[in-house]
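Computed from the coordinates by the stated procedures, all read-outs in this text should not be read as laboratory data. None of these values were measured; they are calculated from a predicted model. Counting neighbours? That spans all protein chains shown, and the Cβs are built from the backbone with ideal geometry, glycine included.
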Amino acid sequence: METIVAPASAFDRLAEKQTWGWAFIASSLLTVVSALASAPVQRHIARLLTEQRIAEAANAQQAAAARAAAAIGMKISELAWVFSPIGILFFVLIATVILFVFSAVLGGKATFKQLWCASMNVFIVIAIGSLIGSIVLALRGPDAFTGVMDIYRNSLSLAAIIPSANIKVVALLAAFTPFTLWVLWLNSLLMQHIARLAAPKAWAAALAVLLVPALIGAAFAAQPPAATTGTPPSTSASASP
């Protein structure tokens, strides 16, 4: 909580005494609730995509394979909330590595442990943003979504206000939210207080933490079928939950 209300003093404290357990627990709880809140919308979209693939199948074998893959995917998605804490550890590891590299290259004084603990405490902001975003999706209801692009267009991000039909552009824009910009500022602050970098260098490191994952995510984003980019698929939506 101190990272939110008094970040400068929080980072000074973390520079002296590294703790991250409670931050991890709080972030895990928030992301678990977030995953559960958005689950109905995610399942709805998965079912629409499956129906689209089945409709486009060239033969009965391909249709059966699509159904089987969808069944497995649905079972995995139902347990997505279980893996939320693992996702936090992975994300914080990436952020820590980026910050540590910048600290080492730019002459910073931070240790890997210091940056890990600070990044874990900063992640609470991301977890809060994820929860609020999931609540927005839940309030809209599954029937308001016809595909992956609708999730981006209903998010609290630039993807919601800057129109584009390119999934890679949209995925990149989705990385810019009030919460990720908040984290951008927090990361610049922690690099000044913990790594002892000058402000321009600290901001460069913080910007890298924002852009590197965003660019990787955009690079791997796949264009959804034409029927799922804003036009409902031919299968009636009433068949979905």
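Taking every DSSP helix (H) stretch of at least 4 residues in the chain, weighting each as -39,500 (n - 2.57) and dividing the sum by the residue count yields a mean residue ellipticity at 222 nm of -24000 deg cm²/dmol.
Each of Val32, His193, Leu207 was scored by the projection of its Cα onto the charge dipole of the chain, and the greatest displacement toward the positive side belongs to His193; charges sit on the C-beta of Lys, Arg, Asp and Glu.
What percent do you get for the relative contact order of the range 7-239 when only Cα pairs under 8 Å and 6+ apart count? Intermediate values should be presented prior to the final figure.
On the way: 305 pairs, mean separation 65.6, N = 233.
Once normalised by length, the contact order is 28 percent.
The 3J(HN,Hα) values that the Karplus relation (6.51, -1.76, 1.60; θ = phi - 60°) gives for the range 142-148 are, in residue order, x, 5, 7, 10, 10, x, 4 Hz. Gly and Pro appear as x. In a reduced charge model with +1 at each Lys and Arg Cβ and -1 at each Asp and Glu Cβ, the chain shows a dipole moment near 320 debye about its Cα centre. Counting only alpha carbon atoms, the long axis of helix 84-105 and the longest principal axis of the chain meet at about 40°. Once the Cα atoms are used to define both axes, helix 60-78 deviates from the longest principal axis of the chain by about 40 degrees.
Counting only alpha carbon atoms, the long axis of helix 199-220 and the longest principal axis of the chain meet at about 20°. Ranking Leu93, Gln52, Val169 by Cα position along the charge dipole of the range 7-239, where only Lys, Arg, Asp and Glu carry charges on their C-beta atoms, puts Leu93 farthest toward the positive end. Note on the range 7-239: lysine pairs with Cα distance below 30 Å, sequence gap of 8 or more or different chains, count 7.
Projecting the Cα atoms of Phe112, Val82, Ser155 onto the charge dipole of the range 79-199 (Cβ charges, centred on the Cα centre) puts Phe112 farthest toward the positive pole. Peptides 210-217, 127-134 ranked from most to least packed give 127-134, 210-217, packing being the mean of other C-beta atoms within 10 angstrom over each peptide's residues. Spin-label pair Arg67-Val136: with each label point 7 Å from Cα along the Cα-Cβ axis, the two points sit 3.8 nm from one another.
A simple rule links phi to the HN-Hα coupling: the Karplus curve 6.51 cos²θ - 1.76 cosθ + 1.60 with θ = phi - 60°, which for the range 26-33 gives 5, 5, 4, 4, 5, 6, 5, 4 Hz, with x for Gly and Pro.
Rg/Rh for the range 7-239 stands at 1.04; both radii use Cα atoms, and Rh follows the Kirkwood definition.
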